[in-house]
Structures are given as structure tokens and as C-alpha cells.
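Below: one structure, written as C-alpha cells.
The values are calculated or read from the model by the stated rules, or taken from the named source; none is laboratory data. Everything numeric in this text was worked out from a predicted model, so none of it was measured. FYI the Cβ positions are ideal-geometry reconstructions off the backbone, even for glycines, and counts take in every protein chain you see. For the accessible areas, the whole protein counts, side chains as well, though only heavy atoms, and no ligand, DNA or RNA atoms are used. Shrake-Rupley method; radii C 1.70, N 1.55, O 1.52, S 1.80 Å.
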Amino acid sequence: KTLFFFSGLTAMEKKLAEYKCNTNEAIQLKLVRFPEDLEDENTTFNPEYSHQVFGDDEVAFGYKGLKILLYYIAGNLSTLFRIEYTSKVNEKFDCVEADDVESKIREIIPPGFCTNTDDFVSLLEKEVNFKPFGMLLHTYSIHNEEAGEDITYQIYKADMTCPGFREYHERLQTFLMWFIETASFIDVDDERWNYFLVFEKYNKDGATLFATVGYMTVYNYYVYPDKTRPRVSQMLILPPFQGEGHGAQLLETVHRYYMSSPTVLDITAEDPSENYVKLRDFVLVKLCQDLLCFSPVKLMQGFSQEMVTEAQQKLKINKQHTRRVYEILRLRATNMGDAEQSRSYRLDVKRRLIGPYKKKQRELAKMRRCLRPEEMTNQLNQIDLNLQREQLEESFQQLVSDYRRVLERLAQA
């Protein structure tokens, strides 16, 4: 009997396993410009993450062939939300309940979405009336190989006083859940938020329309007595537009916007991702490379207070980021084939990298004064000097390869 029970269980388990769907694959996103986009698989893209909605396993249970359709009109982001599947577990026969996928999605998308295609297509016809929100800051164009023409993009600064922007932003921020690992929605009633939006201009039946490309939110922190420190909170370029240089255009435009304000001290970022740091390195080096304090002669003399002051006053860059800019530009000015130049550069960067190790050493010295000798050896064993040297060399090599990538991109810009 026991044996029979176990074999029965595995059969049941096998059956239930067929009703598990990976939510990153099940969720199908689209930015729709033309009715034919609805049927075109090439316009579909999927989330990178869905754990914030569906748990760490990123699985929805209870369905076969599950499709969670989230289609957005390209400009104003009016939404179509539908769930499709080929079969669903049935409580009567399988004694299990399917996940309530619909209510999980409803928690993050604002009400007022369409549930059928006809309503969505009729909204699409009104899209010609959609115009970007706020104040135009920058226009640029990028050559598109596929279309064989230059495409024009515009960056706007908006706030909650723009009619319709609050509702639009509610729809826009839902994308954060799928593309930023630890995303959270912001308190839009706090007036210290600034919003920067990127749009593409495109033609449809002889009219000019606008499609949403991406955006950035920035919070203005107060700094005593009369300054602010804008902090980049979230930045997202939507997947169909990634890798085209929009992130760099957006970040540079935002820097230039704040540069003109005498009350801004410098610009920082909240918990930046690796990709954001690479982007920021590129943009800041591009802005700084023409400053006199970063001339090759001055770079070879080492990091200076002059660099810190000039980068902060003219470009609103803080000391920590200025130091990275200096290291990248000094690498460009250094002949790494020359033993003396290369050694000098390596020592200069490692001196900064060793800071945290030195701090640890000071903490150990403090411990020495209050720990018994046998406890002390345990602590010391954790910090082996050879290991420290290895880690330092590894950090240095990683940094140089990151810096080289920035310089390569700069050479192509």
C-alpha cells in the first residue's frame, strides 16, 4: 500500500508540474503604434524579472500555455490586459487551486485598462492627439540602419502639474517591475521629484506622433543652508530602444539641466546598478575631458583639489565621481607600454583601492588593544596579506578593463 501511495504521488506531481509556467516567458509586453503590431511577434518583448509580482521562483501555477498580455499604446501607454491559456487546473478534479494571476497583475497596473482588442484599437486611433508632457530640453537624432533614415528623439522635463501626466506616469512606472530588480513606486505627491522623459517622433498617415522611449526620476534633497543635491532614483530605457545610446543622451541632458542651476551642489544616484555606473562613467568623462584641469600634463601630476572644485562648480559632479573620471582620463593619457608610466598609474589607483583595507587594519589595531591574544589570532587569520594583494590586483585589473570600455565608447562618440 505504501509503495502504491508513493508511485501515485509522483504521477500526481508529474501532472501538477505540467501546470507550472515561467512568468518571465508568460508575460508578453508590446508598445503598439499600428493595429498590425498586435499580431506581429517581432514587436513582443518579455520581462527580465517578475519576482516582485510572482515570487522568487518566477512561476505561476495552475495553467498550461499561459499568456499574460500587457500591451501598451506607444505614446500615452493606454493598456490592454488579457490572460490566455490552453487549460487550467480544476478544483473539483485536481483538488488544487490555480494562482490568481489576474489580481497579482491588477495590483501593479492602474485601473482603466482595456480587456478586449476592439476597445484597444479604437483608443489607438486617438493616439494622434497625444503630445509629450512638460518642457522640451533636448532634441537629437540617431541613424536607424533598418529604416535607412535618421530618427528624431526629444527629452522633456515634466511634473505632476502637467495635465494628464499623473495618470500617464502610473502606467509608465509599471515597467519598472519587469526591468529593475528592486523597483518601487514613488510618492508622486512629494513635489521634490523631477521627471525626465524620452520620446521618439514617428509618422503615421502623414501625422507626427510620439512614442515613449524611457524616463528618469530624480529627487531633490535639501543641503544646508540653501542648496539641493539631486539624486537619480530610477532610470529605464524600454527594451525595444536599448543599446542605441538613449541612456547617455538622457543622463547628459539631466546633468546639463542641473548645471545651469546655482542652487544645485552636485548630482548623485541611489543604489546605482553596474550598468548605470558604466553609463555615468562615459557621460561624466565626456563632459569633463575638455576642462583645463584634466589636460594630459595635469593628469600626470595626480588627482588634485582643482579637479574636484572645477568638476563640482561647472558640471555638478561630486568628488567620488570626479576621482573615477580622473582615473579614466589618466589611463587614456598613460602609455601603459612604458614601465615607469604604467607603474605610476598602477600605484596611484591602488592607493585609492587600498583605502578600505587600511580601514580594516586600523580596526584590527583597536581590537588588539582589547582582545585576548588567542582571540586576536582568529581575527588576524581572516586577513591574510597575500590574499589582500591578490584581491587588490584583481580589483585593479577589473577596473582597467571597465575604464578601457569607456574610452572605446568615447572614441566612437
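Quick one: what pairs do we get from the range 106-130, first residue among the β-branched types (Val, Ile, Thr), second open to solvent by 60 Å² or more (accessible area, probe 1.4 Å) and not in a helix (DSSP H, G or I), C-beta under 7 Å, 6+ apart or different chains?
As it stands, the answer is THR115/ARG82, since those pairs meet every condition given.
If VAL297 meets every condition in (1) surrounded by fewer than 16 Cβ atoms within 10 Å (Cβ to Cβ); (2) of a type in the set (Val, Ile, Thr); (3) in contact (Cβ under 8 Å) with a residue 12 or more places away in the chain apart from one, which number is that one?
(3)
Scan TYR215, TYR219 and give me the residue that is part of a strand (DSSP E or B), crowded, with 22+ Cβ neighbours inside 10 Å and aromatic (Phe, Trp, Tyr).
TYR215
Name the residues in the range 70-125 that are in a loop (DSSP other than H, G, I, E, B), closer than 25 Å to GLN52 by Cβ and open to solvent by less than 30 Å² (accessible area, probe 1.4 Å), would you?
Across the range 70-125, the qualifying residues are ALA74, LEU77, SER78, VAL89, ALA98, ILE108, ILE109, PRO110.
Of the residues that make up the range 148-166, is at least one surrounded by fewer than 21 Cβ atoms within 10 Å (Cβ to Cβ), among the β-branched types (Val, Ile, Thr), assigned by the TED database to the domain that holds LEU251 and part of a strand (DSSP E or B)?
Yes: one or more hits.
Test each condition in (1) closer than 27 Å to ARG82 by Cβ; (2) open to solvent by less than 40 Å² (accessible area, probe 1.4 Å); (3) aliphatic (A, V, I, L, M) for ALA207 and report the one that comes out false.
Failing condition for ALA207: (1).
Spot the failing condition for ALA183; the list is (1) open to solvent by less than 20 Å² (accessible area, probe 1.4 Å); (2) not in a loop (DSSP other than H, G, I, E, B), and only one is missed.
Result: ALA183 fails condition (2) only.
Kindly indicate which of ILE237, ILE317 is at pLDDT 95 or above and more than 18 Å from TYR140 (Cα to Cα).
Only one candidate passes the filter, namely ILE317.
Here is a list: GLU270, GLU252. Which entry is modelled with pLDDT under 95, within 17 Å of VAL218 (Cα to Cα) and under 23 Å from the mean Cα position of the chain (by Cα)?
The conditions single out GLU270.
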